[in-house]
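Shown next, in structure tokens, is the structure this report addresses.
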Amino acid sequence: MYRLKLILLLSFLSSGLAQNWLQNQRTERQFKEAVSSYKDGRFAIAEEISSKIIDLNNEGFNEKTLLLLLKSQVALNKSSAAKITAKRLFTDYPASSFLPFIMESMGDLYVNSSNYESAYRMYSRAKQSNDNKDFDIKIDKKLLKLIKIKLPQALLDELLVFESNPSAVNIHLLAIAFSQIMDGLPDAAALTLGKIDPSMLSNEFSDLMESLLRESYKPSSPVLTIGLAVPLSGDDSDMGNYFLKGFEKGQNSNSFNNQRLSILAKDTKSDNIETIKVVNELKSVDQLMGIISPLDNAESISLLSSLNNSDIPVLLTNRHETEVKKINQNAFLLSSSYTVEGRIAAQYIVKHLGLDSIAVVAPANKKTEIQIDAFINEVNRLGGNVVATEWYIGEPKNLRRQFKYLRKVAFELEEKKKTFDVALGMDLDSLDALFDVSADDFFDLPKPDKKSMSSNDSSKVVLKTIQAIYLPINHQDLEYIGPQIPMYNFETKIVGNASWQQLEILTKENIGPHLRGMSIISNLYITDIDTFEISFENYYQYQLGNLTSEFLTSLSLNDMSRSSFKNSLQEIEMYEGKGFNYFPLESNNKINSAFQLINFNGNSFQKAGVLAIDTLMVVQKTNP
């Protein structure tokens, strides 16, 4: 009987152990699946699997699964849930070996919510409890990014009181020195940097240390901190990255000395929802005086809507329609609007060139239609005449229909001109005019022989009656349109937009000689594009970033505040940069009305002046 009981007991124990073993194996597989999902960026799946494992209450997996759950929730930006998970980790496992990773995750969580002071604390604590070199480097990179935001000295002084590690002390001192440079206190920064032992400073901070040492020898000047909302990933990433590169170049320019710039760039990921998230993070950073953005129309509307109740000024660098100003009263349009560009083109052709009969060829899209409507209205107001408006859709590989119609209109104008000239040229004797002239006297006159002109002959006739053709095209259209214009024999003034600033296309043998004398109206005067092996659009954004940054360094600010920054922008009368001008509209001082007037001589571009509403400022040429 005893042996039977013993056998049953052993069988029961063996069965229980087997079940536990099987359960552990299943849980292990689930955990590995959750880890794999996290690494692949499938954070929602990782969160779901982790939650199920924790519900099993398997002590061997709880601690590491809670950490994985925390990291997944942080990645999903679930702030409240992540804080609950973190509290459970600290409560259940106060001496956890995962403490550095928990602190890192909390730092990431605070970064997501733009609480940079708390994030710096968490990353600093992660370093304190860590002895892994690779992890240390990872944390140093995150600390470096936070230092460049300009942390308050009170926070750093607080951390120094409790810090004994020489390496960590050096990092805090470096952060203080950076803030002092930002506040325009190079002498104080020099004293702080003198306390740092370079041999005890991580390599991740070496470049910043050298940069601060150089800055500490420069004269005192304030630093303007600007947020950038740019698409650094997604469909528009090329444009965003080139804008950022250009902005950084202008930021480091020595052309202006009113103030230097410090930037905090956030990736909008070419997405409207992400743009809203990024903007909400930026506006909560007190150090930021303004936000700069090269976003397109749709994303800009999301951005402006998110900032509707904020006092932070927003500078949109790409062209927009004037209506976006109604969304946010703190928005400034650095590249003007489609309406203003259309009006200025009309004023240049009618008012400055004195031309009357004008044709338009343009792509059929909403933005250009707004521009052409403004152009036609302004031409009419000035007493000119738009004789034809031709649209095209898609790639303009063959504009035969559009240009043939322009020739038809030109022929009709030619006939009207001849009839008018004949009427004006009739010479009646003053005595004959005293008598009645009967129409019958003319009926018996022989009719002149008319020679009919073939279509082939008519295409060879050079037509002058259309005095100007306005072609505001897309940048990718020039390679198709450029070679077609010479084929239709117009002796006319060609006026284009910024998209025509592509010298490698215009200087081709079948284009350049025929377009000699054309004019371009553009926000920017682009130079040296041949030295860059990048697309015209990306180089344009590079230049736009560069010139925007230089423009900001030229501003005169009474103090580093958002209101002072806004007032400085509104008080600008005229800014003249290297290829960019800012001349606000009289009716709305938040919209730039200045455009570059550029002439093409068949081989190169020359800046001829600056156009603004009702104004032409001619560039004076100086002898070398």
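Just so it is clear, none of the values below were taken in a lab; they were calculated from the coordinates. Predicted model only: the values in this text are computed from it and were never measured. FYI the Cβ positions are ideal-geometry reconstructions off the backbone, even for glycines, and counts take in every protein chain you see.
Projecting the Cα positions of 130, 305, 234 onto the charge dipole of the chain (unit charges on Cβ atoms of Lys, Arg, Asp and Glu, taken about the Cα centre) puts 130 furthest along the positive direction.
Computing Kirkwood radius over Cα pairs in Å for the structure here picks out one of [x] 27.4; [y] 26.1; [z] 29.7, namely [z]. When each of 514, 352, 320 is scored by the number of other beta-carbon atoms lying within 10 Å, the sequence from fewest to most is 352, 514, 320.
For region 81-132, the square roots a ≥ b ≥ c of the C-alpha gyration tensor eigenvalues yield an a/c of 1.5 or more together with a/b not exceeding b/c, which makes the shape oblate. Normalising the average separation of contacting C-alpha pairs (under 8 angstrom, six or more residues apart) by the number of residues puts the relative contact order of the chain at 10 percent. Across the options 98, 466, 178, the greatest Cα extent toward the positive end of the charge dipole of the chain (unit charges at beta carbon of Lys, Arg, Asp, Glu) belongs to 98. What GluC sites (Glu not before Pro) in region 544-621 are in a loop by DSSP, with at most 11 other Cβ atoms within 10 Å of the Cβ? In loop regions of region 544-621 (DSSP not H, G, I, E or B), the sparsely surrounded GluC sites (Glu not before Pro) are 571, 573, 586.
Taking the alpha-carbon centroid of each part, what is the distance from region 77-100 to region 485-561 in angstrom? What the calculation gives is 55 Å, centre to centre. Mean silhouette area of region 273-371, derived from the convex hull of its C-alpha atoms and averaged over all directions, reads 7.6 nm². Rounded to the nearest 500, the 222 nm mean residue ellipticity of the chain from helices alone is -15500 deg cm²/dmol, with -39,500 (n - 2.57) taken per DSSP H run of at least 4 residues. Between the alpha-carbon centres of region 565-617 and region 126-180 there is a gap of 45 Å. Beta-bridge orientation, the chain: approximately 30 percent antiparallel, per DSSP, counting only bridges with both partners inside. Both the radius of gyration and Dmax for region 26-215 are 18.8, 63 Å, in that order, over alpha-carbon atoms. Over 25 Å apart at the Cα level, from the set 78/138; 78/325; 416/464; 148/266; 326/566, are 78/325.
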